[in-house]
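Beneath this line is the structure, given in structure tokens, with notes to follow.
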Amino acid sequence: GLFAGVSTEGMVLTRYNSLVAERPSQAVLLTNATEKETGHVMGLQHPSLPIHGLQVHPESVGSPNGKILLKAFLEIQSAG
């Protein structure tokens with residue numbers, strides 16, 4: 001997924017907004033990133049398709065490591 005091969009330990013990112021995704025008991029999407037202090041969902045991915053969602057601004061000056069995520073996204077092979 002988007003975070004494969006990316007060291008997220010200590011990664012600083014700027015949250016997109018104040019909305020928070022809930023974790024339904026039978027979720028179709030997989031949680032692949034959470035906020036360290038609160039456990040809020042910050043990233044989702046489809047289990048078999050190249051579909052990803054982020055609740056952060058990787059392009060923001062407040063996200064010094066965001067370029068790593070943008071590069072990983074651009075390198076994901078699409079199914080079509």
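The values are calculated or read from the model by the stated rules, or taken from the named source; none is laboratory data. Remember, predicted model here, so these are calculated numbers, not experimental data. Methodologically, a virtual Cβ is constructed for each residue, glycine included, from the backbone with ideal geometry; neighbour enumeration extends over all protein chains shown. We work out accessible area using only protein heavy atoms, side chains counted, and drop any ligands, DNA or RNA first. Shrake-Rupley method; radii C 1.70, N 1.55, O 1.52, S 1.80 Å.
On full extension of the chain, what length is gained from residue 28 through residue 61, given 0.36 nm per residue of separation minus the C-alpha to C-alpha distance? Mind showing how you got there, number by number?
On the way: separation 33, 0.36 × 33 = 11.88 nm, distance 3.20 nm.
Length difference between fully extended and current span is 8.7 nm.
Extension gain for residue 20 to residue 51 (0.36 nm times residue separation, less C-alpha to C-alpha distance): 9.3 nm. Couplings 3J(HN,Hα) of region 52-64, computed from phi: 9, x, 10, 10, 9, 9, x, 8, 6, 5, x, 10, x Hz, in residue order, whole Hz [Karplus 6.51 cos²θ - 1.76 cosθ + 1.60, θ = phi - 60°; x for Gly and Pro].
Please give me the summed charge of the neighbours of residue 73: other residues whose Cβ is under 14 Å from its Cβ, Lys and Arg +1, Asp and Glu -1.
Working: positive: 67, 71; negative: 59, 75.
Local charge sum for residue 73: 0.
How about region 11-80: which GluC sites (Glu not before Pro) there lie in a loop by DSSP and see at most 12 other Cβ atoms within 10 Å? Passing sites in region 11-80 are 22, 37, 59.
Is the shape of the chain rounded, prolate or oblate, going by the alpha carbon gyration tensor and its root eigenvalues a ≥ b ≥ c, with a/c under 1.5 for rounded and a/b larger than b/c for prolate? It is oblate, given that a/c is not under 1.5 and a/b is not larger than b/c.
Expressed as a whole percent, the accessible area of the chain that falls on carbon and sulfur atoms is 56 (1.4 Å probe). Separation of region 52-66 and region 1-46, taken as the distance between their Cα centroids, equals 12 angstrom.
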